[in-house]
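J.: First the structure, then my questions, so here it is.
The values are calculated or read from the model by the stated rules, or taken from the named source; none is laboratory data. All values reported here derive from a predicted model rather than from experimental measurement. Here the Cβ is made from the backbone with ideal geometry for all residues, glycine too, and neighbour counts use every protein chain on show. Surface accessibility is based on the protein's heavy atoms, side chains included, excluding ligands, DNA and RNA. Shrake-Rupley method; radii C 1.70, N 1.55, O 1.52, S 1.80 Å.
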Amino acid sequence: MIKKFWLIGLFLCALGTQAQNLVGTLPLHFYSKTHCFEIVDDAKSQLALCLQDAERIRVIRTTPQFQVKDSLVQERPSKEFKGIMGYTVQENQYTLYWNSGEKDKLGCQVFDFTTGKTAFTLLPYVLGKEKVVAKINAHGKLYVVSCLKNESVLTIRTLEGTKISQNKIDLTGKTFLNYEGKRVSFWEMMDDTNALQQVPYFQFIDDETPPSLDLAAMLRKSYIDGDTLIFTFDNNDSGTQLLAIQLTDFSYIQKLYPQPYVERPAEATYYPIPASSFYFEKQIIQLKSKSDRLMITHRAFDGTILKSWEIVQDQEIAFKNTEIIQENGSITAREFWINPINLFEK
């Protein structure tokens, strides 16, 4: 039953998703074992495709009509560099970052569409025993967040073209709630893994693209809101924990948004967390379920409850498709009622 309520909750979060249409096709030649991923220039809303095979790397920029605009090609780096860990875009310069087997440097592959030239250089990048917990593209930069095991100091490396800088966030002495509700350090909470998220990593959620069900179910998520990096934790069902880091001065604030109380089954040896949340434009949407109901809470960033809903198993649900619609020449408000049992069956 809990699973059914989660399905309806995720269904509600996906109501804004629009149907996808075929925009166009690109006449590209793919060599043997070619891998492809997209590069997005947020400043210009420009899409590019990166195609990599055993010998070459191609970056192909497209027009809004999904036609080839221009492209640059560069030889693939030596086998010392295992794979691409991220990218940045500044103006017309696209930079790819390659992991090195030596773990103390990055390969930096530059495609400059202004000059039509390409280049390859090295950047110092010493992780040591640090564990990467997040990688986020924003503002033409790549933010790599890491943490040492058993320590509560976050290192944020900022990659921008051929430049790299780093800042530290010291969370020593700050406490968080783990799965059992005990107060623990940041690393102890990150290391508190379960079936939904088995590695200490933040899943990035892009507010422009509705996440899949798999990503939406993650208990640790990251978001970008302007110049603020947001981390949320739903590893404890008593509330949503949030860590907000200002990327301008690397100050931070910590918050806890309570969830409705649901008693845990005394006989259960494993208790799946029946709670999740989504951050969007300084607001939090929280979901929590029990055997016969789903509870949804809409909060402002300061914690104020803006609205809340409770969907009960045997009661009908009111869905309003729009605030006003035009019908028979008059403007009226209209509600559609759906029986939750019928919705579950669908």
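J.: Within the stretch 224-240, can you find the residues that are part of a strand (DSSP E or B), open to solvent by 10 Å² or more (accessible area, probe 1.4 Å) and in contact (Cβ under 8 Å) with a residue 24 or more places away in the chain?
T.: The answer is 224, 225.
J.: Continuing with this model, one more query. Restricting attention to the stretch 289-306, which residues are in contact with a helix residue (DSSP H, G or I) (Cβ under 8 Å, 6 or more places away or on another chain) and open to solvent by 40 Å² or more (accessible area, probe 1.4 Å)?
T.: The answer is 290, 291, 293.
J.: Kindly list, by first and then second residue, each pair from a residue in the stretch 34-62 that is farther than 14 Å from residue 91 by Cβ and among the aromatic types (Phe, Trp, Tyr) to a residue that is part of a strand (DSSP E or B) and open to solvent by less than 30 Å² (accessible area, probe 1.4 Å), limited to pairs with Cβ atoms under 7 Å and residues at least 6 apart or on different chains.
T.: Close Cβ pairs satisfying both conditions: 37/50.
J.: Also, quick follow-up: Sort out which residues of the stretch 97-113 are open to solvent by 60 Å² or more (accessible area, probe 1.4 Å) and either among the acidic types (Asp, Glu) or at pLDDT 95 or above (or both), and write them in order of number.
T.: 102, 104 - these are the residues of the stretch 97-113 that are open to solvent by 60 Å² or more (accessible area, probe 1.4 Å) and either among the acidic types (Asp, Glu) or at pLDDT 95 or above (or both).
J.: Determine whether residue 71 is without any contact (Cβ under 8 Å) to a residue 12 or more places away in the chain, open to solvent by 40 Å² or more (accessible area, probe 1.4 Å) and not charged (D, E, K, R).
T.: Considered against the rule, which asks whether it is without any contact (Cβ under 8 Å) to a residue 12 or more places away in the chain, open to solvent by 40 Å² or more (accessible area, probe 1.4 Å) and not charged (D, E, K, R), residue 71 comes out as no.
J.: Could you say whether any residue in the stretch 220-240 is among the small types (Gly, Ala, Ser), out of contact with any helix residue (DSSP H, G or I) (no Cβ under 8 Å at 6 or more places or on another chain) and modelled with pLDDT under 80?
T.: No, the conditions are met nowhere in the stretch 220-240.
J.: Taking the stretch 131-152, which residues are open to solvent by less than 40 Å² (accessible area, probe 1.4 Å) and part of a strand (DSSP E or B)?
T.: Step one: list which residues in the stretch 131-152 are open to solvent by less than 40 Å² (accessible area, probe 1.4 Å), which gives 132-134, 136, 138, 140, 142-147, 152.
Once the filter is applied, which keeps residues that are open to solvent by less than 40 Å² (accessible area, probe 1.4 Å) and part of a strand (DSSP E or B), the stretch 131-152 yields 132, 133, 134, 136, 138, 142, 143, 144, 145, 146, 147.
J.: Right, something else. Check whether at least one residue in the stretch 155-167 is in contact with an Asp or Glu (Cβ under 8 Å, 6 or more places away or on another chain) and outside any strand (DSSP E or B), and report yes or no.
T.: The answer is no, given that none of the residues of the stretch 155-167 is in contact with an Asp or Glu (Cβ under 8 Å, 6 or more places away or on another chain) and outside any strand (DSSP E or B).
For (1) under 21 Å from residue 131 (Cα atoms); (2) within 21 Å of the chain's Cα centre (by Cα); (3) assigned to a strand (DSSP E or B), each residue gets a yes or a no:
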site	(1), (2), (3)
47	no, yes, yes
57	no, no, yes
65	no, no, no
71	no, no, yes
74	no, no, yes
82	yes, no, yes
88	no, yes, yes
99	yes, no, yes
102	yes, no, no
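J.: Go through the stretch 62-93 and give me each residue that's charged (D, E, K, R) and touching a Lys or Arg at 6+ places or on another chain (Cβ under 8 Å).
T.: 69, 70, 75, 76
J.: On to the next question. It is to be established whether one or more residues within the stretch 303-323 are within 18 Å of residue 221 (Cα to Cα) and modelled with pLDDT of 95 or more.
T.: No, the stretch 303-323 contains no residue that is within 18 Å of residue 221 (Cα to Cα) and modelled with pLDDT of 95 or more.
J.: Quick check: anything in the stretch 207-221 of a type outside the set (Phe, Trp, Tyr), farther than 26 Å from residue 140 by Cα and open to solvent by 70 Å² or more (accessible area, probe 1.4 Å)?
T.: Scanning the stretch 207-221 turns up at least one residue that is of a type outside the set (Phe, Trp, Tyr), farther than 26 Å from residue 140 by Cα and open to solvent by 70 Å² or more (accessible area, probe 1.4 Å).
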